[in-house]
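The values are calculated or read from the model by the stated rules, or taken from the named source; none is laboratory data. Quick caveat: nothing in here was measured; it's all calculated off a predicted structure. Positions of Cβ are generated from backbone atoms using ideal geometry, with glycine treated the same way; all protein chains shown enter the neighbour counts.
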Amino acid sequence: MEASRRSRALKRQHESIVIHFDYDCFYASVFEAETPALRSLPLAVQQKQIIVTCNYEARRRGLRKLQLIREAKTICPDVVIVLGEDLTRFRNASKELYAFLRGFSWNAKVERLGFDEVFMDVTDIVDYNLSLLNPNDLTNSFFCLSKDDPTDGFTFDASKVAGYTYPESSNDKLFVGALEIDALQLRLHLGSHLAMHVRHQLEQQKGYTCTVGISTSKLHAKLVGNLHKPKGQTTLLPPYNSDDGSDNVTTLVDGHEIGKIPGIGFKIAQKLRDYALQKPPELNAGLMHDDTKEKVLVKRVRMYPGMSAETLEKVLGGPGTLRGIGFKIWMLINGVDESEVGQARELPKQISIEDSYVRLDTLDEVLKELRSLAKSLINRMHVDLLEDDSDDDPPGESDTGILQTKRWLAHPKTLRLSTRPRPPLNADGSRNRAFNRISRSLPMPNFLFNLNDSVDALAERLVSEALIPLFRKLHPEKNGWNLSLINVAVTNMADAASDSKDGTGRDISKMFKRQDGVLKQWRVEDRDCPPEVHSHDEAANAVRPGNETEPSPTAMHTLSEDILPQSWDSHVDDDGSGWDSDGETIDEGSSFICDVCEAVMPTFAMLAHSRWHSGEQNP
Ligand code: TTP
Ligand code: MG
């Protein structure tokens, strides 16, 4: 029964063609795009005492992501190190590149995942071009990029895939002659040529290279894309389905460690490892609790005696999990992901700002952090939710520094404060990872939409009138708690289309008058916004608030959830909520503090980080 549901689901997926883009060494590329001379030098991006990424010249010379700065300097003394703690430039580049990719889409199904990944559903473009093909002369085809302009496009050879394929040996030319052609394969060919074109355009026009996967679902496209990094693209070839597990989807998925499957979160992966091994997996001593020495491949879980959706429901289900989690995970380990590529939206669903801490346990410190988060949140709301009210009048600036001619594109209706209390140390000195956030919400205070008051004044009022009362509800005790994270968010976004001051509603055409306006609507695609970089270090705190200087290199912790490719940790969190790059469900483990060196990083980075501590070298 399950096998036939799998095969039906795979057939449904065959109707879609999905491309996954992953920018190569993203942060380093952002600096290179700003200063092209850096391209030929070994370049590393520093956050705290760690290299978060480095360019391929640096990798060629032996540097790796998540290496300690001092080690990198020993290996490559002439490495150029740039500070990457202020995330603004990465956020902006990510939005700009997203807008660029979005420009190729007809159906606006373009979804950003973290800063440096994008999914694009190109089914409509592929099917349109399929209808244009001459099956008797596939080699001399023309790919049309616009329905309105038949000359807008490029010539290509539709009889073969552009780029690499999985499996590798199968990139044979198709038989010419309509009846010989497998429709899915031909559509994948078209997808691969479109991907190649977009990739080259991105490189030529924006200066960024990326690694790409082409298949029929987000899961397949992402997994297959990883095979040829950097600057590579890989297409997953049919067959996708078989009775005996010999199909290419099964082979591809089977070879991955269970925790590497997008959609299988950290907790679920641990439970599956425990189950497949019939004991907790061996850990790397002294490290975080989620780096297992014993790797458990998907195949081992899938082939475990008695494995079924029902079994998984028993293993994974329980209080706090979604019903049906067993079936969802069963489908995933069998290579089925029915989630759609999200529709590009003009406005974010929410804006949230957060920071994480090694230790935050006094009200004074909390107050300081709330002030700073409130300020960042208000600034972010101004950037993402305001538009120029008039294109004709030059914008005037009030004495508060805020443009008087701005108006709100949307009004969030809810203000939410969340914290993540840190669990106490275990008897052996280790500490369990803290997963659970607790939250309280209030209706959005109206004064936050006031454009006449300064950001500082608004932030002060937000803290005293809303955030402190919310904090008291979350933590009624005066002390005894120790927080590892605070998040302040505005959610429940209501479009302001019907409440313009003249009552005529929002003039959409105005937004398209200038390219700026067009770009702006994509600029607010963030599913969440990173916090400013704060220091929790006392000395550094002393030079705040409002300082614009780089934080001290000893300062700790600040990374945010919008740089978190959820694939490793949160696609299906333990509530089974599925891929969600809009941030509504990213409430777990968004940043992580290493127990060994106290470096802070996004959760997806921590396995690589712990491998580094254990001396295991990444290629
Ligand atoms: P990745 O996609 O892991 O790395 P990358 O794009 O730099 O390199 P690759 O070519 O191998 O894909 O991460 C995307 C960005 O996220 C990366 O450029 C920097 C940032 N990042 C951190 O901030 N902290 C981390 O620990 C890691 C691994 C990445
Ligand atoms: Mg990348």
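Assorted remarks:
- Note on the stretch 36-50: residues that are in contact (Cβ under 8 Å) with a residue 24 or more places away in the chain and surrounded by fewer than 17 Cβ atoms within 10 Å (Cβ to Cβ) amount to 3.
- Entry remark, the stretch 452-498: residues being within 15 Å of Asp364 (Cα to Cα) and in contact with a Phe, Trp or Tyr (Cβ under 7 Å, 6 or more places away or on another chain) number 2 in total.
- Complete set of residues in the stretch 323-362 that are surrounded by fewer than 16 Cβ atoms within 10 Å (Cβ to Cβ) and under 30 Å from His475 (Cβ atoms): Val358, Arg359, Asp361, Thr362
- Residue that is surrounded by the fewest Cβ atoms within 10 Å (Cβ to Cβ) [pool: residues in the stretch 408-432 that are charged (D, E, K, R) and in contact (Cβ under 8 Å) with a residue 40 or more places away in the chain]: Lys413
- Taking the stretch 205-222 as the range and being buried (at least 21 other Cβ atoms within 10 Å of the Cβ) and within 14 Å of ligand 1 (Cβ to nearest atom) as the test, the residues that pass are Tyr208, Cys210, Thr211, Val212, Gly213, Lys222.
- With respect to the conditions (1) over 30 Å from Asp355 (Cα atoms); (2) touching a helix residue (DSSP H, G or I) at 6+ places or on another chain (Cβ under 6 Å); (3) assigned to a loop (DSSP other than H, G, I, E, B), Leu38 lacks only one, and its number is (3).
- Residue that is nearest to Gly342 (Cα to Cα), among those in the stretch 197-228 that are assigned to a loop (DSSP other than H, G, I, E, B) and over 18 Å from the mean Cα position of the chain (by Cα): Thr216
- Any hit, the stretch 58-68, residues being at pLDDT 95 or above, among the basic types (Lys, Arg) and more than 15 Å from ligand 1 (Cβ to nearest atom): yes
- Residues of the stretch 120-155 that turn out to be touching a residue at least 40 places away in the same chain (Cβ under 8 Å) and in contact with a Phe, Trp or Tyr (Cβ under 6 Å, 6 or more places away or on another chain), as a count: 4
- Residue within the stretch 91-100 that is more than 13 Å from Val118 (Cβ to Cβ) and among the basic types (Lys, Arg) present: yes
- Residue match in the stretch 24-35 (condition: away from ligand 2 (no atom under 16 Å from the Cβ) and either in contact (Cβ under 8 Å) with a residue 12 or more places away in the chain or over 27 Å from Thr165 (Cα atoms) (or both)): yes
- The residues of the stretch 434-464 that are among the charged types (D, E, K, R) and touching a helix residue (DSSP H, G or I) at 6+ places or on another chain (Cβ under 8 Å), listed by number, are Arg440, Asp453, Asp456, Glu460, Arg461.
- Among the residues listed as Thr35, Thr74, Thr123, the single one being in contact with a Ser or Thr (Cβ under 9 Å, 6 or more places away or on another chain), more than 13 Å from ligand 1 (Cβ to nearest atom) and modelled with pLDDT of 95 or more: Thr123
- On inspection, Val212 qualifies as touching a Phe, Trp or Tyr at 6+ places or on another chain (Cβ under 8 Å), within 16 Å of ligand 2 (Cβ to nearest atom) and under 10 Å from Ile19 (Cβ atoms).
- Residue under evaluation Ile19, criteria (1) closer than 30 Å to Leu184 by Cα; (2) within 12 Å of ligand 1 (Cβ to nearest atom), criterion not met: (2)
- Leu202 being surrounded by fewer than 23 Cβ atoms within 10 Å (Cβ to Cβ) and in contact with a Cys (Cβ under 9 Å, 6 or more places away or on another chain): yes
- Residues of the stretch 143-162 that turn out to be assigned to a strand (DSSP E or B) and either in contact with a Pro (Cβ under 7 Å, 6 or more places away or on another chain) or buried (at least 20 other Cβ atoms within 10 Å of the Cβ) (or both), as a count: 3
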